[in-house]
Structure formats: structure tokens, C-alpha cells
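First up is the structure itself, then whatever we jot down about it.
Derivation of every value follows stated rules applied to the coordinates shown; laboratory data play no part. Values in this document were obtained by computation on a predicted structure and should not be read as measured data. Note that each Cβ is placed from the backbone with ideal geometry, even for glycine, and that neighbours are counted across all protein chains shown.
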Amino acid sequence: MPRLAINGYGRIGRCVLRALYERGLDADMPVVAINEPASLEGMAHLTRFDSTHGIFPGTVAAADGELRINEQPIAVTHASDPAALDWRKQRVDLVLDCSGRFSRRSEAEAHLTAGAPRVLMSHPMADASDVDLTVILGVNHEDLGAEQRLVSNASCSTNCLLPVLQQVHGRYGIEAASVTTIHSVMNDQPLVDGYHDADLRRTRSALTSMVPVATGLARGIERFMPEMSGRLHAQHVRVPTLNVSAMDVNVQLREPATADAVNRLLAAACERELAGILGYSEEAHASCDFNHDPRSGIVDGTQTRVSGRLAHLMLWFDNEWGFANRMVDVAARWLGRAA
């Protein structure tokens, strides 16, 4: 059976491990090693108790340099540089890099040098050429192959938006689009005003303000839809909620449509080719309804508006749990363990 390792045990790293156990995949794809600079005691505590997703549904303990989940030992190291690791000795088949630290191939390849046959990155890389493939489940997962060694899982927002845009573009054509992501706070924001190296807006308290931040979403979409180059504009606003984000999507269509027709198109895709990846609902939702939802995104049909060739959509997505489950899905497919 393939053996997994996690590098970077923050929000996504812990959700990936938890998703493996909650989905019963831990026996088929066990995590045998975690590298995280934080203390073992802190790792165990935050595995067991999670303010967003609740108490871990199993036993968690720390002893003798190991994290023990349901009595199964996971070796823990605390290296800040992957070059200091020895994935070969631990017989690791795939490293899930959830650190968010490496944007260039030359940096991420340290895992390969350390003996990992394959690496799945939890974020988009600086350039498409920095990885062998950037994969979106439901879009291009069939391109995954044994010959690839370094793959990116893109971003939570790209996983949510891209399948929707492709469905609409395939039926009506898209001339241009504008997307505003309304995103929950993240741990690069301070609770009270504090310094930030690169972004003055992120010096402000995450508790008290809506904070615009830069986003590479347009660039991520254009990697899959080059015909949208220069015709998709994206904004990103962090809001004081713990989890679950939304996308306000406005598209100029090439052909006229109706709200009902667009909803039927997307609802049908959610039942067929995008089943389990994208969802559709016409309930009266608030964001908390989608906490711990494993899908990449959910189309809120009650918010669809169409006037001729101008269409508006709203998408919900659990920016932590949905993305972590996509990493698990991609890992399973890459290793030949897909259901």
C-alpha cells in the first residue's frame, strides 16, 4: 500500500490527515510521517481539538517523538528545510506539501532530493512550468500519470470556480468575467493591528474589518482557459468569519440565456460529470451551512440572475475542508487508489 507524508501541519495539513481518517482511507493510504516545525504537543492538541471542524473522531496522543492516531504511530520531524529530511528512509511514496512555502520548482524539488518519488503541492506555483501538472478534479484529473513527479492541486478558489466557468463557457461562451471572492480570515492576518512584510492592508485586525488582499485567481483560471487571458478580473476580500467562503461571479455571455436555463445546466452537471465535486442548491443558505462540506463548491441557484447576456452567480465553498478533500482525491487517483 502507498505510504503518505505531510510536510506542513497547519490548517490544510491537519484537514488532509483528518479527511483520510473520516473517509476511512487511512488503512489504504496511511500517513507514516509528518514534518512540522511546531512542537509535538501542539500538533497533537490541534489535531484533537479544532475550533472549526470539531473534536477529532478518534484517539490522538503524542509520545516518543510520534503522533499516534487511533494507536497508529506517525513519525514526526521538525525540520525547517526539506533538504534535511530523509523520505527515502521512511519509504514514503507521496509527500503532500501543505506548507505553502514553495512557489518554485527549484524549492519544491528538495522533497525529491530527500527521496520522495512524488510531491503534491497544496497551492498553485509561480509558473505553470514549475510543476509537471496543475490538476483540478473534474477538469483534467485524467492527465495524472505515473511519470509525473511534482503536481500542484491549485487553490481552493480555482477548484471552486473553474468547473463552473467551463460549464457556462461550453454552453454559452464567456466574453468576460469579474469575480469577487468573499473569503474567511486566514492565519496570515493579525487579531489586532500588527506589522506585515508585504501588504499594508494585512496589518489590520482580522476581527474588525473586511480586508482586500491580492489574488492570483485570474492567472490560475487562465492556465486552464487561455482564451480568457485578459478578460477575467478577480478581487479578493477577507471577512471576519472563521470558515466557508463565497464567490460573487459576473459573466458577460456570448449568447443570451435565462436564469432558469443556467441553473438547469449547472444542476445537471452536478448530478453527472461533476457529482461529488460540485453541488447545487436552492435552499435559503447562510455560509455556516457549508462548514465541513467536502465539495469544491456549491452553486446557490437562488442567487442566479440573468439579463440577456449578463449573468450573475453565487458559489459557496468550504475553503479548508473542500480543498483538503480534493488533495486526498488527487492523491488517491495518482497512486491508483481511487474508488
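Observations on the structure shown:
- On Cα atoms only, tilt of 321-334 relative to the major axis of the chain in degrees: 70
- Distance between modelled label sites at residue 140 and residue 268, nm, 7 Å Cα→Cβ extension: 2.6
- Cα centroid separation, the stretch 131-165 to the stretch 40-119 (Å): 22
- Full extension of the chain between residue 38 and residue 91 gives 16.8 nm of extra length, using 0.36 nm per residue less the Cα-Cα distance.
- Kirkwood hydrodynamic radius over Cα pairs of the stretch 157-319, then Stokes diffusion coefficient at 10 °C and 1.306 mPa s, in µm²/s: 97
- Derived value for the stretch 191-259: Kirkwood hydrodynamic radius 14.7 Å. Basis is the mean of 1/r over every pair of different alpha-carbon atoms.
- Among 162-170, 280-288, the order from most to least packed when residues are scored by Cβ within 10 Å on average: 162-170, 280-288
- Inter-label distance, nm, simple model (7 Å from Cα along the C-beta direction), residue 61/residue 235: 5.3
- Segment residue 45-residue 28, length gained on full extension (0.36 nm per residue, minus Cα span): 3.6 nm
- Cα pair distances exceeding 27 angstrom across the stretch 4-131, given as percent: 15
- Per residue, the convex hull volume that the Cα atoms of the stretch 244-305 enclose (Å³): 91
- Of the trypsin sites (Lys or Arg not before Pro) in the stretch 1-92, the ones in a loop by DSSP (not H, G, I, E or B) with at most 16 other beta carbons within 10 Å are 3, 23, 88, 89, 91.
- Linear extension gain, residue 171 paired with residue 129, 0.36 nm per residue minus alpha-carbon span: 12.1 nm
- The long axis of helix 259-271 is offset from the longest Cα principal axis of the chain by roughly 30 degrees.
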